[in-house]
Amino acid sequence: MFSKLKIESRNLDTFGIAGLCFFSLISGYNQVVMKVVNDGLQPVFCAGLRSLFAAFLILIWLFLTKKRIKVAKNLLPAIIFYGLIFGAEFMFLYIALDLTSVIRVTIMFYTMPIWLALMNHFLLKNDKLSIAKTVGLFAAIIGVIISVSSSTASSGLRASIIGDICALLGSIGWAYFAFYSKNSRVSSESPDTLMFYAFVVSAPMLIILSMFYGDFVRDLTLLHYAGFSFQVLFAS
């Protein structure tokens with residue numbers, strides 16, 4: 001299915017590079033905020049609420065920019081699957097941050113380019129890994145292993161295997177979300193509309209799944225309200 005798609009490849013301009021750097025900065029800081037908010041709100045429930053509020057904000061944006069939300073019947077399954085990938089990615093990320101340290105989660109979550117490169121290689125016709133890229137990929141994997149081992153040794157913290165696995169699953173989910181965004185039928189939609197679909201589908205999914213993770217509210221304080229607001233208003 002994916003190998004038959006003709007992918008347009010464009011080089012990043014200055015705005016694109018700046019946008020990616022800003023996105024990485026916000027994402028990295030957001031993981032610290034997520035870790036803090038997990039002390040006040042159950043992580044999966046928090047992820048679901050974040051999607052719910054973010055969907056509402058993007059709906060306002062779409063209304064102000066006069067963009068119509070109209071889903072063709074033949075596109076509906078792809079959009080639902082798109083939202084489920086998004087929901088799974090953040091469910092695993094939130095749980096990982098609940099179970100292990102931010103530094104370990106960040107290192108493993110940002111292995112996303114490795115999984116994306118492998119997906120492109122095996123699922124697309126014209127995006128294969130060269131020998132040089134393959135060597136670089138193995139070097140990146142070794143670097144991740146060393147970094148994770150070092151973070152465990154230096155902090156003296158007991159590593160959570162389940163937390164590490166969830167971080168890796170979140171990373172793979174992020175990679176597949178990015179891959180699916182560009183290489184499936186949903187790519188015909190505008191980015192802001194796509195994000196609206198992702199939040200709308202993931203919100204009920206995450207809230208339902210949160211029922212199996214424990215109490216919704218833990219020790220909620222003003223700090224947690226502020227952190228949650230940051231997640232909705234800026235990170236989302």
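The values are calculated or read from the model by the stated rules, or taken from the named source; none is laboratory data. As the structure is a prediction and not an experimental result, all values here were calculated from the model. Reconstructed Cβ throughout: ideal geometry from the backbone, glycine too, with neighbour counts over all protein chains shown. Each accessible area value is taken on the protein alone, full model and side chains, heavy atoms only, with ligands, DNA and RNA left out. Shrake-Rupley method; radii C 1.70, N 1.55, O 1.52, S 1.80 Å.
Observations on the structure shown:
- The calculated FRET efficiency for the pair Ile69 and Ile162, based on their C-beta separation and a Förster distance of 45 Å, comes to about 0.75.
- Pairs from Lys70/Lys182; Lys35/Lys133; Lys133/Lys182; Lys128/Lys182 whose Cα-Cα separation, in the structure shown, is over 25 Å: Lys35/Lys133
- Taken over the Cα atoms of segment 48-155, the convex hull encloses 162 Å³ per residue.
- For the chain, accessible area per residue (1.4 Å probe, heavy atoms of protein chains only), Å²: 58 Å²
- Pairwise FRET efficiency - Ser190 versus Ala132, Cβ, R0 = 35 Å, nearest 0.05: 0.50
- Selected from Leu222, Phe56, Ser130, residue furthest toward positive end of dipole (the chain; charges at beta carbon): Ser130
- Leading residue at positive end of dipole, the chain (Cβ point charges), from Ala47, Ser147, Phe196: Phe196
- The chain - percent of accessible surface contributed by carbon and sulfur, probe 1.4 Å: 71 percent
- FRET efficiency for the Ala139 to Leu20 pair, using the beta carbon distance and R₀ = 22 Å, is estimated at 0.55.
- Separation of the Tyr213 and Trp61 label points, Cα + 7 Å toward Cβ, nm: 2.3 nm
- Here the Karplus relation 6.51 cos²θ - 1.76 cosθ + 1.60, evaluated at θ = phi - 60°, turns the backbone of segment 214-222 into coupling constants of x, 4, 5, 10, 9, 10, 6, 10, 4 Hz, with x for every Gly and Pro.
- By the Cα gyration tensor, the chain has an equivalent ellipsoid whose semi-axes, rounded to whole angstrom, run 28, 26, 16 from largest to smallest.
- Note, ³J(HN,Hα) from phi for segment 64-80, Karplus 6.51, -1.76, 1.60, rounded to Hz, x at Gly and Pro: 5, 8, 6, 9, 7, 9, 9, 9, 5, 4, 6, 9, 4, x, 5, 5, 5
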